[in-house]
Amino acid sequence: MKVIVRGRGLSVTAPIRAHVEAKVGKVTRFLPKLLEARVVLAVEKYRHLAEVTLLAKQRTFRCAEATHDIFSAVDLALDKLEHQVRRTKDRIRHPKPRTSPKRGPQKRDEEEAPPTVISRRPAPKPMSLDEAMEQIGTRRDWFLVFTNSATDCVNVLYRRRDGRLGLIEPG
């Protein structure tokens, strides 16, 4: 791993370079395949800036920090980068489960109560098929049970999803 330390408006001394290299070395615990670390140190009036960029194989991490002291600016910037690296690695190791709608039949738990059945006993009225079609046209129900006056059998007239009507006759 290469550590490149540059200075803008200040000269990079040996103690500053050693401090930066030691701090970057701690980040390599979390990111062992680090290719390069670029650190740019700058001074603007009373502000000391530290811009750190870490180049890994697949990702680039970057942050900047400004304080009154160059050492504390480097410390805070590398702490931020350490947090970014940890968060990224945690997301890779433990991704969030997808919340997509399940397709197909769902399995019920054994503890779940069986579904309740609501029964209704309609009295099948004797009527012709034409009368039954008029009745289901005026109702909001999906089906109509009636006694066919022509055959004296119980029939079911139902509304299909495509809007047409279907008839069930006993065979």
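Does ARG139 meet the test of being under 49 Å from the mean Cα position of the chain (by Cα) and modelled with pLDDT of 85 or more? Lay out the reasoning, then the answer.
Values: under 49 Å from the mean Cα position of the chain (by Cα): yes; modelled with pLDDT of 85 or more: no.
For ARG139, the condition - under 49 Å from the mean Cα position of the chain (by Cα) and modelled with pLDDT of 85 or more - is not met.
Sub-7 Å Cβ pairs linking a first residue in the range 9-23 that is in the same structural domain as ALA42 (by TED's automatic domain parsing) to a second residue that is aliphatic (A, V, I, L, M) and surrounded by fewer than 15 Cβ atoms within 10 Å (Cβ to Cβ), at least 6 apart or interchain, are GLY9/VAL43; LEU10/VAL43, ordered by first then second residue. A single member of THR88, THR99 is β-branched (Val, Ile, Thr), at pLDDT 80 or above and either part of a loop (DSSP other than H, G, I, E, B) or out of contact with any Gly (no Cβ under 6 Å at 6 or more places or on another chain) (or both), and it is THR88.
The values are calculated or read from the model by the stated rules, or taken from the named source; none is laboratory data. As the structure is a prediction and not an experimental result, all values here were calculated from the model. Using ideal geometry, Cβ is built from the backbone for each residue, glycine included, and neighbour counts are taken over all protein chains shown.
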